1. Name the residues whose placed amide hydrogens come within less than 5 Å of the amide hydrogen of TYR66, ignoring near sequence neighbours (fewer than 5 apart) on the same chain.
2. Quick check: residue separation of GLU43 and ILE64 times 0.36 nm, minus the Cα distance between them. What number comes out in nm?
3. Hey, can you rank 62-69, 44-51 by average C-beta count inside 10 Å, highest first?
4. What trypsin sites (Lys or Arg not before Pro) does region 29-102 have in DSSP loop regions with at most 14 other beta carbons within 10 Å?
5. Would you mind computing Rg(Cα) / (2.2 N^0.38 Å) for region 35-89, counting N as its residues?
Amino acid sequence: MWFGRTGWKAPGVLLADPPDHQILAPCRAADIHTVVRDGHRGEGVGSVLLAAAEQAAAERGVSIIYAGIFAANKGAVRFCSSVGFGPRGTLLSKEQDASVDG
C-alpha cells in the first residue's frame, strides 16, 4: 500500500503479478481507493488524490489502475469516467449469511 505525497490519503494496493497462463496480455495492476468528504467535493481534491495515486502507481511499474465504485455512487462514477476510467468486465457480488454455528 502507498500513500500520496499531497497530505491527503491516496491509497493503492498492488495486485499480484498475472500468471503466465492467463489469456490476456499480462500487465502490472493496482486497485486505488480515494475518498473525498462531503464538504470538500467539487474543490479539486479528487483530482489531486487521483494524480498522486497515478504517480505512485507509475513509479511502481503499474500500467492499469482499477477503481472499484458502487454503481449507486453516481458522483464518483461520473468523476472517474471524466478522467478516463471506463468499464472493464463485470464484478458481481452476493451477500450471504456470515454467521457461524457451533
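Read-outs: derived from the displayed coordinates by stated rules, not from any lab. These numbers come from a predicted model, not from an experiment. Methodologically, a virtual Cβ is constructed for each residue, glycine included, from the backbone with ideal geometry; neighbour enumeration extends over all protein chains shown.
1. Result for TYR66 returns ALA30, ASP31, ILE32.
2. Details: separation 21, 0.36 × 21 = 7.56 nm, distance 2.61 nm.
That pair, GLU43 and ILE64, stretches by 5.0 nm at full extension.
3. Numbers: 62-69: 15.2, 44-51: 17.0.
Top to bottom by mean Cβ count within 10 Å: 44-51, 62-69.
4. Details: sites: ARG37, ARG41, ARG60, LYS74, ARG78, ARG88, LYS94; in loops: ARG37, ARG41, ARG60, ARG88, LYS94.
Passing sites in region 29-102 are ARG37, ARG41, ARG60, ARG88, LYS94.
5. On the way: Rg = 11.9 Å, N = 55, 2.2 N^0.38 = 10.1 Å.
Computed over Cα atoms of region 35-89, the ratio equals 1.18.
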